[in-house]
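Take a look at the structure below.
What follows is calculated from the coordinates using simple rules that are stated; it is not laboratory data. What you are looking at is a predicted structure, and each value in this text was computed from that prediction instead of being measured. So basically every Cβ, Gly included, is an ideal-geometry build from the backbone, and we count neighbours across all protein chains shown.
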2 protein chains.
Amino acid sequence: MTNPRHGGCCVAVSDLERFIHQALTTRGADDVSASAVTQALVTASRMGTDSHGLRLLPHYLKVLAGGRVNARPDMRFSRRLPATGYLDADDGFGHLAGYTAIEHGVAMAWEVGIGAVAVGNSSHFGAAGCYALAAAEQGMIGLVVCNSDPFVLLHGSRSPFHGTNPIAFAAPVDGHAPYLLDMATSSIPWNRVQQYGAIGRDLPSDVAADELGRMTLRPQEVSALLPLGGAEFGFKGAGLAGVVEILSSTLSGMLNGFRLLPMGGNDLATPRGVGHFFLVMNPDAFIDSSVFQRCLHEYLEDLRARPAADGREVLAPGDREWRCWQHRDRDGIPLDEANQADFRHLAEVLGIDALDEYSPAAEHGPDAVR
Amino acid sequence: MTNPRHGGCCVAVSDLERFIHQALTTRGADDVSASAVTQALVTASRMGTDSHGLRLLPHYLKVLAGGRVNARPDMRFSRRLPATGYLDADDGFGHLAGYTAIEHGVAMAWEVGIGAVAVGNSSHFGAAGCYALAAAEQGMIGLVVCNSDPFVLLHGSRSPFHGTNPIAFAAPVDGHAPYLLDMATSSIPWNRVQQYGAIGRDLPSDVAADELGRMTLRPQEVSALLPLGGAEFGFKGAGLAGVVEILSSTLSGMLNGFRLLPMGGNDLATPRGVGHFFLVMNPDAFIDSSVFQRCLHEYLEDLRARPAADGREVLAPGDREWRCWQHRDRDGIPLDEANQADFRHLAEVLGIDALDEYSPAAEHGPDAVR
């Protein structure tokens, strides 16, 4: 089914999972790595986090072929104290490191209330929210941060230093999808600059700067992003990015983001040594779960009942994502024209079955046609 | 010594400590409560966080007299699991709850790597940074959050919901003052609106809204603050405020900020039931301390070496505070005219010695005169 919003097509979740897993194993990834990458990319695509969804597959196959990412890593976890541990990701996929760290975190949180894992020698792990979500799906609060290569100014500076260093947080809500916040500590991601540049559109105010550190609206003048808070209050966004940096790279003994090899660089052979940090907390270790759930439900009810400004909508973090999840499970996951061409090309060079275009009417009968 | 910048005077740290402690005990506070409030207020004043420093003493004496805050609380800590606990603050001062929670957190972090404490039945605790700092001074990473009464819009809403819900984070830096971030999740605090209104000055762009949720620059039109990120990216500030809310009020079983009695309200008798959350982590529980310190020093050196934009300065979180600390320990802590009048009045009604005006020249001899 062609989706006119995207000028591309839609595919079924199960077919996308099949394709991504097969592409990765064909390129030599072991089953656990391929499964973890598949889970993370499809989760991001279902949530509507398209910047961190299926579009990343060609990149991951490239770094796998180049040797930057270890196709068959021997990840080693050492539990240094009852609530903490270190995971050496052996230069494997960050997605496998992420889900593995969350499993260790959850196990420790059941036992001692909290489990936190610093991960070193890792690589890009996609959307941080995937791992916070994995904790919440097991009844835990999850906090996940990760550094990245430098695109963002420090407050008052004129050359990039921090990455877009994301913070993800999820909490379990009985009977509902989790509370889920997944945000970069810049206002916009770097690829927004490129997208706006391509269509000749001005950027929003206070999100990017030229090479002298002066705010600019023109994509072609942009040399760095401003931290969340912009020219005047960017010390907050930059401070949060610093917290992410300390937890992810410092606590794992890795290079800080400023010294990290660029994700999009030409060196596809050298491992980047990305660091991540995962914190898992059992609500019941602080207060009876029933009280936690009552308070959380009350908070979310109060939040969603706040009056919206004209033409706006009041949502809790995650509401938009779960709505998108539902739509995409029903209507298929959209591929734009560039994704479509990439995936067609991959099917050819890897010798695997191409993705089928998805038609909800054919799958679910007339009831599913809207 | 009259400080012309403030139109008031300066006082010595030790004299300020003496005065605050004496004022609180004269009003019936027990020694541990008075000591904790004194430590927090003087720490904030030394760091230059004047909104949360000595100016709060009259408020605390009022709520003590009214009975909202318990002068002699029996705070009870239950360690529910090896890494977690709950502190019932018995409606005492939040400052005592804060330092107590950090002590328990530090003890647990030595033992199992992490210690986290949810605090319920507490009250305003001043600057969140004081408690994160207390963890860092003991070699630990500290994370502290607290909810507060509603001044801040949700993204897309037109009536206040969250408080300015602060996030404080500190990390120990060997041989130096800690890395210290202490930020509200709104761009500005509520009292900035009042200050600007008093002098007829326009607010910065994108920090406050009128009663329809539309951004305004005019203090007299403001009915709420915008979350960090402003009208377009405020979903990030609001999401962070939500994380603070879940950790501080939900995990402690307290009312969320929207339902909290206002700090500045007329009811001085009813306890507010504020919640806090404290997380303490031992870096050595993740990676050898020497590696952590090497990476942290390298990160901070890289950060401070970034080129500044014209007329700006590049600082790490805390740099400004430690510079202020040094200046104020040397020159005294400034009281503006309103503080001076308040403290003179307190000395009279409480029958305690007034603060001495501080003259660094008299204390330190000619070398100290600049």
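The Rg/Rh ratio for the protein assembly as shown, using Cα coordinates for both the radius of gyration and the Kirkwood hydrodynamic radius, is 0.98. Taking segment B:247-273 and a reference point 7 angstrom along Cα→Cβ of A:GLU301, the backbone N atoms nearer than 19 Å belong to B:249-261.
Taking every C-alpha pair closer than 8 Å and separated by at least 6 residues, the mean separation divided by the residue count of chain A gives a relative contact order of 22 percent.
Quick check: net charge around A:ALA338, other residues with Cβ under 12 Å of its Cβ, Lys/Arg +1 and Asp/Glu -1? Value of the local net charge: -2.
With its label point defined 7 Å out from Cα along the Cα-to-Cβ axis, A:PRO58 lies at 6.6 nm from the matching points of the other copies, in increasing order. Rounded, prolate or oblate: pick one for segment B:190-304, where a ≥ b ≥ c are the square roots of the eigenvalues of its C-alpha gyration tensor, a/c under 1.5 means rounded, and failing that, prolate if a/b is larger than b/c, else oblate. Since a/c reaches 1.5 but b/c is at least a/b, the shape of segment B:190-304 is classed as oblate.
Equivalent-ellipsoid semi-axes for chain B (Cα gyration tensor, √(5λ), whole Å, largest first): 28, 27, 26.
Applying 1/(1 + (r/R0)^6) with r as the Cβ-Cβ distance of A:ARG344 and A:ARG320 and R0 = 30 angstrom yields a FRET efficiency of 0.50. Computed from label points 7 Å out along Cα-Cβ, the spacing between A:THR26 and A:ARG312 is 4.7 nm. Starting from the label point of B:ASP267 at 7 Å along Cα→Cβ, the same points in the other copies fall at 6.2 nm, in ascending order. In loop segments of segment B:206-285 as defined by DSSP, the GluC sites (Glu not before Pro) with at most 15 further C-beta atoms inside 10 Å of their C-beta are B:GLU211. In nanometers and ordered shortest first, the copy-to-copy spacing of the B:SER290 label point, defined 7 Å from Cα toward Cβ, is 5.3.
For segment A:200-243, the list of trypsin sites (Lys or Arg not before Pro) that fall in a loop by DSSP and count at most 15 other C-beta atoms within 10 angstrom reads A:ARG201, A:ARG214.
Placing a label point 7 Å from the Cα of A:HIS176 along the Cα-to-Cβ direction, the residues of segment A:300-330 whose backbone N falls under 19 Å of that point are A:300-309, A:313-327. Where chain A is rotated onto chain B, the residue of A whose Cβ comes nearest the axis, and that gap in whole Å, is A:ALA83, 2. The simple spin-label model puts a point 7 Å past each Cα toward its Cβ; for B:LEU261 and B:ASP74 those points are separated by 2.2 nm. The modelled label-to-label distance between A:LEU217 and B:ASP356, using points 7 Å beyond Cα along the C-beta direction, is 5.9 nm.
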